[in-house]
Amino acid sequence: MAEPERPLLVGLTGSIGMGKTETARMFERLGIPVHDADATVHRLYEPGGAAFPAIAKAFPECIRGGRVDRARLSELVRADPSAIERLEAIVHPLVAANQKAFVEQAAALGSDLVVLDVPLLFETGGEARMDAVVVVSAPADTQRARVLARPGMTGELLEHILARQIPDVEKRARAHFVVETGKGLRHAFEQVKSVVAALRTQRMKSHA
């Protein structure tokens with residue numbers, strides 16, 4: 001029996017506060033499977049999750065009440081650059097395996113496109129595995145207002161997060177498509193529909 005044809009892999013990324021989560025939902029509304037790397041990490045961290053034993057061994061001070069204390073782990077990673085490398089060595093291969101299984105399942109179901117939602121796509125070199133990259137963007141003042149409205153967020157923490165992320169202007173330059181989220185949901189959704197139409201046209205041409 002022939003293997004199902006691989007769907008186009010579409011990387012979805014954008015800096016913090018740009019509206020990526022809402023944009024991912026728009027792709028799902030159009031019937032396109034979306035793999036959420038952040039949600040996968042949350043599941044991996046849970047007791048019984050594939051990453052939990054290794055995290056407990058590498059960062060025992062971050063286990064409280066039998067669970068990963070994500071706030072403590074975040075503090076530790078910010079304070080010790082080597083800690084992020086150790087954590088990524090645990091988590092990244094597991095996320096990659098989860099993505100692979102997700103794409104294989106989507107292919108088996110006949111999906112022509114799959115969106116892989118990866119916050120640090122460019123920062124981790126993940127764009128090399130994608131057929132196309134969609135960057136979600138918004139004006140800097142809109143981004144800042146959105147992020148600072150989140151519980152527990154401070155200006156200092158925001159600056160730390162942004163320092164680890166490639167600047168928005170560079171992400172936009174490296175993208176195949178840009179979805180602007182600063183002009184409302186309807187405007188963004190129309191852009192997403194245009195992106196999907198363009199990707200399907202690209203796919204058809206490649207099969208012509």
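Each value in this text was obtained by applying a stated rule to the coordinates, not by laboratory testing. Please read all numbers here as calculations on a predicted model, not as lab measurements. Cβ coordinates were reconstructed from backbone atoms using ideal geometry, including for glycine residues, and neighbour counts include every protein chain displayed.
Scanning the stretch 153-172 for residues that are part of a loop (DSSP other than H, G, I, E, B) and either touching a residue at least 60 places away in the same chain (Cβ under 8 Å) or under 19 Å from the mean Cα position of the chain (by Cα) (or both) turns up R164, Q165, I166, P167.
Residues that are over 11 Å from the mean Cα position of the chain (by Cα) and either aliphatic (A, V, I, L, M) or more than 22 Å from A39 (Cβ to Cβ) (or both) within the stretch 118-129 comprise just one, A128. Between V136, V103, V118, the distinction of being farther than 29 Å from G49 by Cα, among the β-branched types (V, I, T) and in contact with a strand residue (DSSP E or B) (Cβ under 9 Å, 6 or more places away or on another chain) belongs to V136 only. On inspection, A132 qualifies as touching a residue at least 40 places away in the same chain (Cβ under 8 Å), of a type outside the set (D, E), buried (at least 18 other Cβ atoms within 10 Å of the Cβ) and within 19 Å of I32 (Cβ to Cβ). Is it the case that the stretch 92-104 has a residue that's surrounded by fewer than 17 Cβ atoms within 10 Å (Cβ to Cβ), touching a Leu at 6+ places or on another chain (Cβ under 8 Å) and of a type in the set (A, V, I, L, M)? No, that holds for no residue. Here the helices (runs of 4 or more DSSP H) wholly within the stretch 1-82 that include at least 1 residues being of a type outside the set (S, T, Y) and over 19 Å from L120 (Cβ atoms) are 20-29, 52-58, 70-79.
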